[in-house]
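Okay, structure first, notes after.
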Amino acid sequence: MNETIHCPKCSSENIVFSKKRGIHFCEDCEYEFTIEASISPLRIFLSYGHDHNEDLVRLIKTDLEKRGHDVWFDKNEIKFGEELIICYLPKEILLF
């Protein structure tokens, strides 16, 4: 179900989206604007091989936290081959 988009300047519903420019355009007042999608914060666990990727994982973690997400990655706790990851993680956490 799509919500009707209104112009933030004049409240008109006569809005056109330009795929090429990535903007919405009001046909009544000619105002151009973008719509930021609102995403509910997620609880995310980042899994990696404890190798040279740790710096990349830290960058991803920092970026996701700046966006409001609760991010966790294991530094020392989970040993290779353990199948009890579920025991370590809180319920409703998103695994990557």
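No lab work stands behind these numbers, since they all come straight from the coordinates. Bear in mind that the values here come from a model prediction, so they are computed numbers and not experimental data. Positions of Cβ are backbone-derived with ideal geometry, glycine not excepted, and every protein chain shown enters the neighbour counts.
Annotations
- For the range 1-43, with +1 on Lys and Arg beta carbons and -1 on Asp and Glu, the positive-most of Cys26, Cys10, Ile39 along the dipole: Ile39
- For Thr4, Thr34, order by how many other beta-carbon atoms lie within 10 Å, fewest first: Thr4, Thr34
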